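Every read-out reported here was derived from the displayed coordinates using simple, explicitly stated rules and does not represent laboratory data. The model shown is predicted, which means the values in this text are computed figures rather than measured ones. Cβ sites come from the backbone with ideal geometry, for glycine too, and all protein chains shown count toward neighbours.
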Amino acid sequence: MSGPAARPASAAVIGTGFVGAQHVEALRRIGVDVAVVVASAHDRARTAAEGLGVRRWTADWGSAVSDRGIDVVHVCVPNDLHRPVVLAALAAGKHVVCEKPLALDLAQGRELADAAGRSDRVAVLCHNYRFFPMVAELRLRVAAGVLGRVHSLRGAYLQDWLVSADATNWRIDAARGGRSRTIADIGTHWVDLAETVAQCRLEAVLAELATIHPRRPAHAHAQTFTASADAADDWVDVDTEDQAGLLLRFEGGVTGVLSLSQVAAGHSNDLELSIDGAAGSATWRQEEPDQLRLARNGTVEVIARSPDGLSPGARQLARLPAGHNEGWADALRNLLAAAYGAVRRDRIADEAGAAPIPTFDDGVRHLAFVEAALQSATAGSWVSIDEVLNQRPSAAEVS
Ligand code: SOE
């Protein structure tokens, strides 16, 4: 952070839903002053601020973003608002931490990455799964060749908070969340995790999508994970996917199979990544985050997180002794600690370490993955990420 170094960094958190509240709590843990929270209505902002113990609140995100006392803007609003909030924050000289997916679509994502690139500000994308200690440990072990040459990445990201037809949320609405829901919301997490851990990039995708509930209640004020509607008599058509099956091709001939769903009963936030290599196989699951399953030389070992068992890079992400579970909120805390380290240095270092900071450029590639999956599902054929990145935007997208 430029200027006098003495005062703690000051943040504005825009959005007070599930994830906005988690940002506030994580920021407290790393000594950042949360100066203001913003919600879509004054009463909601006040209720959130009082509940979280934040001294200022407003329904006017523009005033919070341009506030001279704010160093970093956290963008925790629905996807359609990422573009205006991020652009305004960068124009006001703020650093930005933006929730994923980066934007509503690839064209917007590119615009935000370009704006971030032109600025001298730090712009971070919130892929917190990179920051679990056992994920970092797996990345380091794969890089050290423990699994031999990697040949396949397999897994799933399954949720059930939209399993019932009367569950709803802003994400069901393509105008607010984008043309893809499940792939954009949770598929991007899985791909980011797979690419980060195996250190190879996704090249092409073959996708099949399904919308199990073609009508749901209008989203009103339903919150993510509670997902109940205020008024269940106003139903709308749903054109975003509830689930997807994907075949993937990564660089170096690495193959992938991925199952995604937000309507898989009993799977609350069940992200699983398996990596198969010539010398072994490993699996990490978000719902059992302190464990790593490793199969090598005819034996299967479950490695539990413990200070002595971790490589130094991964150990830095662990805060509690063995047996004291660390999870989703701790990984977000770790990501934000890394982001504010970059803010203090005024740049994201080119990191080859245990948990590199996710950038807006990563977000652009993820949005190209989403677009490739949508095109693939329509065409019934493989679509390459480069092909999508090289497609000229249509006039409608440019305007
Ligand atoms: C809802 O599907 C959601 O909150 C995602 O948006 C988050 O990114 C994921 O971490 C948990 O589930």
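General remarks:
- As a rough guide to protection, the peptides 41-52, 361-372, 22-33 ranked by mean Cβ packing within 10 Å, highest first, stand as 361-372, 22-33, 41-52.
- Mean Cα-pair separation over length for the chain, i.e. relative contact order, pairs under 8 Å, 6 or more apart, %: 20
- Cut-off under 5 Å, modelled amide H: who pairs with VAL124 long-range: VAL96, VAL97, CYS98
- Leading residue at positive end of dipole, the chain (Cβ point charges), from ALA174, GLN22, LEU209: GLN22
- Whether the range 177-325 is rounded, prolate or oblate, judged on the alpha carbon gyration tensor where a/c under 1.5 counts as rounded: oblate
- Approximating the spin labels as points 7 Å out from Cα along Cα→Cβ, the PHE225-to-LEU320 distance works out to 1.5 nm.
- The local environment of VAL36, defined by Cβ-Cβ distances under 15 Å, has a net charge of +2 under the rule Lys, Arg +1 and Asp, Glu -1.
- Taking amide H atoms as placed 1.01 Å from N in the peptide plane, the amide H of VAL236 lies under 5 Å from those of ARG216, ALA218, each 5 or more residues away in sequence or on another chain.
- The charge dipole of the range 63-162, taken about its Cα centre with unit charges on the Cβ of Lys, Arg, Asp and Glu (plus for the first two, minus for the last two), comes to roughly 440 debye.
- Virtual spin-label span in nm between SER384 and SER164, 7 Å along Cα→Cβ: 4.7
- As an equivalent ellipsoid, the range 1-128 spans semi-axes of 21, 18, 13 angstrom, where each value is the square root of five times an eigenvalue of the C-alpha gyration tensor, largest first.
- Projecting the Cα atoms of ALA92, HIS127, HIS151 onto the charge dipole of the chain, computed from C-beta unit charges around the Cα centre, puts ALA92 farthest toward the positive end.
- Rounded to whole Hz, the Karplus (6.51, -1.76, 1.60) HN-Hα couplings of the range 246-259, x for glycine and proline: 10, 9, 10, 10, 9, 5, x, x, 6, 9, x, 9, 9, 10
- Using only alpha-carbon positions in the range 58-178, the gyration tensor eigenvalues give semi-axes of 31, 23, 13 Å once each is multiplied by 5 and square-rooted (largest first).
- Integer Hz, Karplus 6.51/-1.76/1.60 couplings in order for the range 79-95, x for Gly and Pro: 4, 5, 9, 4, 4, x, 5, 4, 4, 5, 5, 5, 5, 7, x, 8, 6
- Given +1 at the Cβ of Lys and Arg, -1 at the Cβ of Asp and Glu and no other charges, the dipole of the range 1-88 around its Cα centre is 160 debye to the nearest 20.
- Residue-count net charge about GLN22 - beta-carbon cut-off 15 Å; Lys, Arg +1, Asp, Glu -1: 0
- By definition, a body whose alpha carbon gyration tensor gives a ≥ b ≥ c is oblate when a/c is 1.5 or more and a/b is not larger than b/c, and the range 16-68 fits this oblate description.
- The simple Förster model, with R0 at 35 Å and r as the Cβ-Cβ distance, assigns ARG347 and ALA59 a FRET efficiency of 0.55.
- Separation of the ARG149 and ALA278 label points, Cα + 7 Å toward Cβ, nm: 0.4
- Alpha-carbon geometry of the chain: the Rg and the Dmax are 20.5, 61 Å, given in that order.
- Once the Cα-Cα distance is subtracted from the 0.36 nm per residue extended length, the VAL257 to ARG392 segment shows a gain of 45.7 nm.
- Shape of the range 238-325, Cα gyration tensor, a/c cut at 1.5: oblate
- Cβ-based charge dipole, the range 15-157, positive-most Cα from PRO78, ALA113, VAL34: ALA113
- Multiplying the residue separation of ASP308 and TRP328 by 0.36 nm and removing their Cα-Cα distance gives an extension gain of 5.0 nm.
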